[in-house]
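Here the structure comes first, spelled out in structure tokens, and everything after it is commentary.
Just so it is clear, none of the values below were taken in a lab; they were calculated from the coordinates. Computed from a prediction, not measured in an experiment: that's the story for all the values here. Counting neighbours? That spans all protein chains shown, and the Cβs are built from the backbone with ideal geometry, glycine included.
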Amino acid sequence: MNAENFKSEAYRQLFDIFSQVKEKIPVEQAKARTQGFMYAGQFMGLVSQEDANQIIEQAHFDVFSMSVAQRAEIKSRKKQAFETHDESYFDIPTVLRQPSL
């Protein structure tokens, strides 16, 4: 396997996982398998950590239309609103709670 084939397969696996996450399908086993695949690619010198992060970001953006950091921020705000019982957060229409792209 060459580096380009590896990157294509890693992207495919990540895209599938993120698609399942979006559909709320459990992905623990696939996630662990893909994580091992990515580590193996780094060990074999097919990808660097930076390459792996770029593949993850691209697959995530293609599924969720936002970066990993943007989605984490949204999840954090929602969690904080639940924990503090801040109902005003939920008065904002969902479409307006999404980051502008």
Seminar exercise, completed: Nearest-0.05 FRET efficiency for Y39 and E83 at R0 = 25 Å, using Cβ-Cβ distance, is 0.15
Problem set entry | Student exercise, the chain dipole from Lys, Arg, Asp, Glu Cβ charges, in Debye to nearest 20 | 180 debye
Problem set entry | Separation in nanometres of the label points that stand 7 Å from Cα toward Cβ, at E9 and S48 | 2.3 nm
For this session: Please tell me the relative contact order of the chain in percent, rounded to the nearest whole number, where contacts are Cα pairs under 8 Å and at least six residues apart.
Result: 28 percent
Exercise. By how many degrees, 0 to 90 and rounded to 10, does the Cα axis of helix 3-22 deviate from the longest principal axis of the chain?
Worked result: 30 degrees
Seminar exercise, completed: Given the candidates Q29, L46, A69, the one whose Cα lies deepest towards the positive end of the charge dipole of the chain, counting +1 at each Lys or Arg C-beta and -1 at each Asp or Glu C-beta, is Q29
Exercise. Per residue of the chain, what 222 nm ellipticity follows from adding -39500 (n - 2.57) for every DSSP H run with n ≥ 4, rounded to the nearest 500?
Worked result: -24000 deg cm²/dmol
Exercise. Over all directions, what mean area does the Cα convex hull of the chain project, stated in square nanometres?
Worked result: 7.5 nm²
Exercise. Mind checking which aspartates and glutamates have their C-alpha under 13 Å from K78, skipping anything on the same chain fewer than 8 residues away?
Worked result: D86, E87, D91
Problem set entry | Ranked M44, M38, criterion: other C-beta atoms within 10 Å, fewest first | M44, M38
Exercise. Using a cut-off of 17 Å between alpha-carbon atoms, which lysines can reach K75, once sequence neighbours fewer than 8 places away in the same chain are excluded?
Worked result: K22, K24
